[in-house]
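Take a look at the structure below.
The values are calculated or read from the model by the stated rules, or taken from the named source; none is laboratory data. Since the model is a prediction, treat every value here as computed from it, not as a measurement. Cβ placement follows ideal geometry from the backbone for every residue including glycine, while neighbour counts extend to all protein chains displayed.
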Amino acid sequence: QKEVEQNSGPLSVPEGAIASLNCTYSDRVSQSFFWYRQYSGKSPELIMSIYSNGDKEDGRFTAQLNKASQYVSLLIRDSQPSDSATYLCAVTRRGGSTLGRLYFGRGTQLTVWP
Amino acid sequence: SQTIHQWPATLVQPVGSPLSLECTVEGTSNPNLYWYRQAAGRGLQLLFYSIGIDQISSEVPQNLSASRPQDRQFILSSKKLLLSDSGFYLCAWSVSDRVGFFGQGTRLTVV
């Protein structure tokens, strides 16, 4: 059973629109959640982390977490062509030596067209 | 600030040859260190993690091994590469509640 699942996409939105990326996870012990952006051929870059139910906003990005539904999402407002990348969802069990052991989904490819 | 270095950036190796990839971290002490692999068409998979010198845990059985001879040095090795070892190898570190910072990666092609 896959631990973290994402819609593979590709997701295509026009410039200025809201892009919505979704992720579900199977392990109820998971307590920390992350969104990474990965440009083609590059390493992943951390863009958002969320630990509590609800919304967390950072600039144009909003992460939403619902632990009861085991669901985490990322909204990108006012999407720009530079946002075109693959977005990876990752989860981990919080605390101690397990904190950095990340389990990733396969990613959703986002294209923002001008 | 913390930085992480990986090398080489790209590598082409024949089947059956050995492998050594190195990762070093600067600007922090006693980090947790990780090796991930991203194979074509697959997600990032955790291979090894280390919470200290000579303390290595493996996540999945495989043809690879890891070592941590110094606090901020993490090495990924293989005695004999397989075609299935091809992929994008990423080193990462975490400290306390700061997690998931990756190096620039090594793209390995086994031919």
Of (1) modelled with pLDDT of 95 or more; (2) part of a loop (DSSP other than H, G, I, E, B), A:ARG101 satisfies all except one. Which? (1)
With the condition kept exactly as written, say whether any residue in the range A:56-63 is touching a residue at least 60 places away in the same chain (Cβ under 8 Å) and either in contact with a Leu (Cβ under 9 Å, 6 or more places away or on another chain) or not in a loop (DSSP other than H, G, I, E, B) (or both). no
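Against the definition (farther than 21 Å from B:ARG37 by Cβ and in contact with a strand residue (DSSP E or B) (Cβ under 8 Å, 6 or more places away or on another chain)), how does A:SER73 come out, yes or no? I'd like the intermediate steps shown before the answer.
Details: farther than 21 Å from B:ARG37 by Cβ: yes; in contact with a strand residue (DSSP E or B) (Cβ under 8 Å, 6 or more places away or on another chain): yes.
Yes.
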When residues of the range B:58-70 are limited to those that are surrounded by 15 or more Cβ atoms within 10 Å (Cβ to Cβ) and within 27 Å of A:SER32 (Cβ to Cβ), the one nearest to the other protein chains (Cβ to nearest Cβ): B:GLU59
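Could you tell me whether any residue of the range B:42-55 is part of a loop (DSSP other than H, G, I, E, B), surrounded by 13 or more Cβ atoms within 10 Å (Cβ to Cβ), touching a Phe, Trp or Tyr at 6+ places or on another chain (Cβ under 7 Å) and of a type in the set (Gly, Ala, Ser)? Spell out how you get there, then give the answer.
Keep residues of the range B:42-55 that are part of a loop (DSSP other than H, G, I, E, B), which gives B:42-43, B:53-54.
Then drop every residue that is not surrounded by 13 or more Cβ atoms within 10 Å (Cβ to Cβ), which leaves B:43, B:53.
After this cut, where a residue has to be touching a Phe, Trp or Tyr at 6+ places or on another chain (Cβ under 7 Å) as well, the list is B:43.
Now narrow it down to the ones that are of a type in the set (Gly, Ala, Ser): B:43.
Yes, there is a match, as at least one residue in the range B:42-55 is part of a loop (DSSP other than H, G, I, E, B), surrounded by 13 or more Cβ atoms within 10 Å (Cβ to Cβ), touching a Phe, Trp or Tyr at 6+ places or on another chain (Cβ under 7 Å) and of a type in the set (Gly, Ala, Ser).
In the set B:LEU46, B:LEU90, which member is at the interface with chain A (Cβ under 8 Å from one of its Cβ atoms) and at pLDDT 95 or above? So that I can check it myself, show each step before the final result.
Numbers: B:LEU46 fails: at pLDDT 95 or above.
Answer to the check: B:LEU90.
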Taking the range A:3-47, which residues are assigned to a loop (DSSP other than H, G, I, E, B), more than 17 Å from A:PRO81 (Cα to Cα) and touching a residue at least 40 places away in the same chain (Cβ under 8 Å)? A:GLU3, A:ASN7, A:SER8, A:SER26, A:ASP27, A:ARG28, A:VAL29, A:SER30, A:GLN31, A:PRO44
